[in-house]
Amino acid sequence: DSGVTQTPKHLITATGQRVTLRCSPRSGDLSVYWYQQSLDQGLQFLIQYYNGEERAKGNILERFSAQQFPDLHSELNLSSLELGDSALYFCASSEGLPSYEQYFGPGTRLTVT
Amino acid sequence: GESVGLHLPTLSVQEGDNSIINCAYSNSASDYFIWYKQESGKGPQFIIDIRSNMDKRQGQRVTVLLNKTVKHLSLQIAATQPGDSAVYFCAENTGFQKLVFGTGTRLLVSP
């Protein structure tokens with residue numbers, strides 16, 4: 001158990017809908033990272049937050065957004081969902097910057113039908 | 001929750017053998033590298049890391065080798081066990097505070 005929690009574990013929704021994925025980092029970790037893992041793209045970095053502020057962006061679509069709250073938990077919002085958004089979404093956390101030794105949560109499996 | 005992979009390269013070994021998993025990285029400016037293990041239904045798990053000013057680092061049953069000349073990273077697992085069966089990813093810190101992951105290698109260990 002990495003100490004990173006993610007909810008929900010599974011999510012099934014329809015195209016065009018909006019969902020929110022939640023992540024709680026390990027106790028004491030200030031950085032949170034979001035990744036998407038799909039069959040044809042591998043593990044792709046989406047976005048990073050450090051102590052509430054966005055620090056780095058990767059291949060994140062404009063339909064996706066994230067935030068980190070004062071209690072350091074983070075949410076990833078996915079809107080106008082498409083079939084191709086079906087994937088595993090992982091959250092990871094680390095103590096600080098830079099992105100050394102990230103600890104991954106168990107992931108949320110999103111299925112868009 | 002299976003992990004990545006329709007077309008992952010696969011390494012099949014016998015229990016007790018040594019395994020070597022290879023990775024080519026892309027950015028010569030990357031200063032830090034990590035190997036992760038992902039078991040079926042789980043998130044990636046940190047195994048071992050190495051900084052770019054080193055060429056070898058050893059852990060418990062694992063060794064990472066870094067060849068910056070050819071931008072190559074390898075993970076050696078000694079006395080491979082069935083519990084080592086998983087997908088292994090290398091990742092590089094490109095210096096922009098994000099990790100770039102390789103495509104992964106599936107390790108299958110048969111008893």
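Here are a few things to note about the model shown:
- Ordering A:3, A:64, A:51 by Cα displacement along the dipole of chain A toward the positive end leaves A:64 in first place; charges were set at the Cβ atoms of Lys, Arg (+1) and Asp, Glu (-1).
- Rounded to the nearest 20, the Cβ-based charge dipole of region B:1-81 about its Cα centre (Lys and Arg +1, Asp and Glu -1) stands at 260 debye.
- For region A:27-107, size of Cβ-based charge dipole, Lys and Arg +1, Asp and Glu -1, in debye: 100 debye
- Here is the interface size for A with B: some 1900 Å² of accessible area buried, both sides summed, with a 1.4 Å probe.
- Accessible surface for the protein assembly as shown, divided over its residues, is 48 Å² per residue with a 1.4 Å probe.
- Buried on complex formation within region B:67-111 (loss of at least 40 square angstrom of accessible surface versus the isolated chain, 1.4 Å probe, ligands and nucleic acids ignored): B:97, B:98, B:99, B:101.
- Value of relative contact order over region A:24-113, rounded to a whole percent, pairs C-alpha under 8 Å and six or more apart: 30 percent
- Computed from label points 7 Å out along Cα-Cβ, the spacing between residue A:63 and residue A:18 is 1.4 nm.
- Shielded residues, region A:73-113 - accessible-area loss of 20 Å² or more between chain alone and all protein chains, probe 1.4 Å: A:88, A:90, A:98, A:99, A:100, A:101, A:102, A:104, A:106, A:109
- Test item: Cα-centred dipole of the protein assembly as shown, Lys/Arg +1 and Asp/Glu -1 on Cβ, debye: 160 debye
- Going from the chain on its own to the full set of protein chains, region B:26-54 has these residues losing 30 Å² or more of accessible surface (heavy atoms, 1.4 Å probe, no ligands, DNA or RNA): B:32, B:36, B:43, B:44, B:46, B:51.
- Isolated cysteines in the protein assembly as shown, defined as those with no second cysteine Cβ under 4.7 Å, do not occur.
- Net charge over other residues, Cβ less than 14 angstrom from the Cβ of residue A:60 (K, R count +1; D, E count -1): 0
- Carbon plus sulfur fraction of accessible area for region A:24-113, probe 1.4 Å, in percent: 44 percent
- The listed residues B:98, A:57, once ranked by accessible area (1.4 Å probe) with the largest placed first, stand as A:57, B:98.
- Computed lengthening from residue B:76 to residue B:22, 0.36 nm per intervening residue step minus Cα-Cα distance: 18.6 nm
- Ligands, DNA and RNA left out, the accessible area of region B:36-102 computed with a 1.4 Å probe is 46% carbon and sulfur.
The values are calculated or read from the model by the stated rules, or taken from the named source; none is laboratory data. These numbers come from a predicted model, not from an experiment. Cβ: placed from backbone, ideal geometry, glycine included. Neighbour counts: every protein chain shown. We work out accessible area using only protein heavy atoms, side chains counted, and drop any ligands, DNA or RNA first. Shrake-Rupley method; radii C 1.70, N 1.55, O 1.52, S 1.80 Å.
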